[in-house]
Amino acid sequence: MAKLLIVDDEIDIREFARNYFKKRGIEVFTASGGGEALDVLNEEFPDLILLDVRMEEMTGVELLQKIREAGNPVKVIMVSGIEDEETINQAHSLGITGFIHKPLVLEELQKVVMKELQEEA
Amino acid sequence: MKTQNFSKKLDYKEALEAASRGMIMVHDPQLLIKMIIRMIVYRLKLRHAGMIIYSPEKKEYLLTISKGQTGHRIPQGFARFNQASPVIRVFSDPRFRPLFQNKHAILWHEMNKMIWQEGLLNGHGCNPEVRDILHQVSDQMDLLGVVACVPAIYHDKLLAVLLLGEKQSAEKFDTEELSFFGALASDTAMALRNAQLFDQLRSQAQHNHDLFLRMTMSLGAAIEVKDEYTRGHSEGVTRYSLAIAQEMLKDEKYPFDEKFMEDLYVAGTLHDIGKIGVPESILNKPGRLTPEEYALVKRHPVDGVAILKPLSELERSMAGIRYHHERYDGGGYPDGLKGDEIPIIAAIIAAADTFDAIVTQRPYRPSRTPQQAMEEILKNRGTQFHPEVVDALERVFRADKIIVVETLKREEE
């Protein structure tokens with residue numbers, strides 16, 4: 001079963017996305033911040049991460065940097081409400097699969113996620 | 001069970017009436033919709049409910065309101081729905097209208113039945129495209145955890161969709177509940193439409209109004225170009241006038257509203273516009289004016305009103321322009337009005353005008369200090385100037401920094 005990790009500090013988004021993708025037959029893990037996400041990554045090997053950019057404890061880009069520093073090439077899709085050019089460039093330079101802006105079209109998100117997970121399988 | 005149903009019925013009636021009443025009154029229906037959705041979730045014990053609302057700027061539907069249990073509730077501000085989204089398509093395309101016309105809603109548990117039952121769509125049931133869209137709607141509702149979608153349509157335009165999650169008891173919605181949702185949605189549509197119209201009107205009015213104020217300023221600039229010694233004068237007069245009026249507001253006798261302040265702004269800016277008709281040689285003459293020349297200068301309040309007459313928007317400011325050279329004792333021009341016959345807007349401008357004239361250098365004399373200007377005006381309190389206007393100016397002068405700023409500005413130049 002394909003594995004998806006959702007990192008977002010908003011519980012509503014985490015839980016909604018978990019249910020949403022579970023219905024698509026995906027095994028979903030969630031983390032409310034960078035620390036928790038790194039813990040999950042130590043134990044599980046998700047095929048894809050949906051990563052929120054703006055988070056309290058550690059920003060999405062900072063987390064991405066830590067993941068890459070650890071030599072983990074996992075696919076990452078950034079999700080963000082802000083349209084900050086610099087953040088987007090920084091994320092791209094660290095290697096991401098996509099950048100999705102909130103508010104997002106759920107079907108489009110789903111399409112991207114399914115495509116990436118299928119490629120993985 | 002019976003009594004419960006009865007009380008439920010009353011709740012709806014009450015809520016619906018309150019909703020319609022409120023919807024008509026508010027210009028921003030979002031807050032009200034939020035309250036109603038919260039109430040629906042709470043009273044009917046739904047897992048969640050939300051409303052996607054059309055945004056005319058984004059030309060898309062945004063899920064702006066969402067209430068209910070975490071995990072079921074769709075995160076607010078997270079999702080948008082474009083024209084290609086199945087739930088939007090199904091309610092925008094008239095072919096699907098027979099599907100929900102009677103029940104006011106598309107119900108998920110009937111969806112599958114509908115897709116397979118041919119003929120349900122007035123003969124469109126066998127159309128593969130239609131069937132495909134219905135599949136997508138069903139799929140989308142499933143993913144969103146939504147068991148009923150209620151469209152808010154106004155004049156064939158889909159303005160919003162109410163999304164309803166399942167009841168915690170997993171019971172289905174009854175006819176009464178569905179007709180309540182239908183009525184609620186149509187009220188919502190009307191309220192949203194009104195709000196949009198109101199916004200459009202407001203921004204259009206705002207635009208016109210800005211244009212009007214800018215035109216006032218350029219008219220004011222016209223006279224300043226011609227009369228170099230009064231450059232900045234209109235602005236100074238306007239500033240002092242507004243400060244005086246603000247001070248007078250503290251007295252219940254002068255309940256100036258925002259409109260008055262704006263009229264005062266316009267009148268202050270344009271009070272000397274009639275000087276456009278006075279030859280520059282007279283305006284900038286260093287020596288004393290001859291009686292004939294003075295007579296020409298004295299025409300400017302009347303000429304000003306004549307120049308501005310075609311602009312009906314300026315009507316309320318006219319008094320400030322025409323009568324700003326009247327004297328409280330009746331010795332002024334053009335009409336020799338006396339005391340309270342002089343409109344207060346003109347009495348304010350008169351004092352501000354003199355104040356600024358004294359502190360400004362003129363062709364025939366150097367400028368004097370604000371202190372001297374204040375003394376001069378106090379000396380003429382009740383003769384040349386309205387006593388209460390003078391009192392207000394004095395209070396402003398003693399307390400306010402505006403005048404110091406003006407002095408500094410002039411010193412810099």
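The values are calculated or read from the model by the stated rules, or taken from the named source; none is laboratory data. Just so you know, these numbers come straight off a predicted model, no measurement behind them. Glycine gets a Cβ as well: all are built from the backbone with ideal geometry, and neighbour counts include every protein chain shown.
Just checking, does the range A:10-24 include any residue being in contact with a strand residue (DSSP E or B) (Cβ under 7 Å, 6 or more places away or on another chain) and among the hydroxyl-bearing types (Ser, Thr, Tyr)?
If we filter the range A:10-24 for residues that are in contact with a strand residue (DSSP E or B) (Cβ under 7 Å, 6 or more places away or on another chain), which is where we start, we get A:14, A:17-18, A:21-22.
Then keep just the ones that are among the hydroxyl-bearing types (Ser, Thr, Tyr); that gives none.
Scanning the range A:10-24 turns up no residue that is in contact with a strand residue (DSSP E or B) (Cβ under 7 Å, 6 or more places away or on another chain) and among the hydroxyl-bearing types (Ser, Thr, Tyr).
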Pairs needed: first member in the range A:98-120, more than 12 Å from chain B (Cβ to nearest Cβ) and more than 14 Å from A:Phe16 (Cα to Cα); second member anywhere, among the aliphatic types (A, V, I, L, M) and part of a helix (DSSP H, G or I); C-beta distance under 7 Å; at least 6 residues apart or different chains.
A:Gly98/A:Val112; A:Phe99/A:Ile88; A:Phe99/A:Ala91
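This table checks each residue for (1) closer than 30 Å to B:Pro94 by Cα; (2) at pLDDT below 80; (3) basic (Lys, Arg).
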{"site": "B:Leu163", "(1), (2), (3)": "yes, no, no"}
{"site": "B:Ala185", "(1), (2), (3)": "yes, no, no"}
{"site": "B:Asn194", "(1), (2), (3)": "yes, yes, no"}
{"site": "B:Leu213", "(1), (2), (3)": "no, no, no"}
{"site": "B:Gly220", "(1), (2), (3)": "no, no, no"}
{"site": "B:Val225", "(1), (2), (3)": "no, yes, no"}
{"site": "B:Glu228", "(1), (2), (3)": "no, yes, no"}
{"site": "B:Leu242", "(1), (2), (3)": "no, no, no"}
{"site": "B:Phe256", "(1), (2), (3)": "no, no, no"}
For the range B:337-349, does any single residue satisfy the condition of being part of a loop (DSSP other than H, G, I, E, B) and more than 34 Å from the chain's Cα centre (by Cα)?
yes
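Looking only at helices (runs of 4 or more DSSP H) that fall completely inside the range B:249-311, which ones have 3 or more residues that are surrounded by 20 or more Cβ atoms within 10 Å (Cβ to Cβ)?
On the way: elements: B:258-270, B:280-283, B:291-297, B:300-308.
The helices (runs of 4 or more DSSP H) meeting that bar are B:258-270, B:300-308.
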Filter pass, B:Ala221 being small (Gly, Ala, Ser) and surrounded by fewer than 16 Cβ atoms within 10 Å (Cβ to Cβ)
yes
Restricting attention to the range B:237-246, which residues are of a type outside the set (A, V, I, L, M) and crowded, with 22+ Cβ neighbours inside 10 Å?
B:Thr238, B:Tyr240, B:Ser241
Which of the residues that make up the range A:41-57 are over 26 Å from B:Gly145 (Cα atoms) and buried (at least 19 other Cβ atoms within 10 Å of the Cβ)?
A:Leu41, A:Val53, A:Met55
Taking the residues in the range B:79-116 that are in contact (Cβ under 8 Å) with a residue 12 or more places away in the chain and among the charged types (D, E, K, R) as candidates, determine which candidate is nearest to the other protein chains (Cβ to nearest Cβ).
B:Arg80
Any idea how many residues of the range B:262-314 are within 19 Å of B:Gly232 (Cβ to Cβ) and modelled with pLDDT of 85 or more?
16
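Test B:Arg381 against the stated conditions and say whether it is over 37 Å from the mean Cα position of the chain (by Cα), within 30 Å of B:Leu296 (Cβ to Cβ) and modelled with pLDDT of 95 or more. Explain how you work it out, then say what you get.
Values: over 37 Å from the mean Cα position of the chain (by Cα): yes; within 30 Å of B:Leu296 (Cβ to Cβ): yes; modelled with pLDDT of 95 or more: yes.
In short, yes.
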Can you find even one residue in the range B:70-78 that is more than 10 Å from every other protein chain (Cβ to nearest Cβ) and surrounded by fewer than 17 Cβ atoms within 10 Å (Cβ to Cβ)?
no
So, in the range B:101-133, how many residues would count as being assigned to a loop (DSSP other than H, G, I, E, B) and modelled with pLDDT under 80?
14
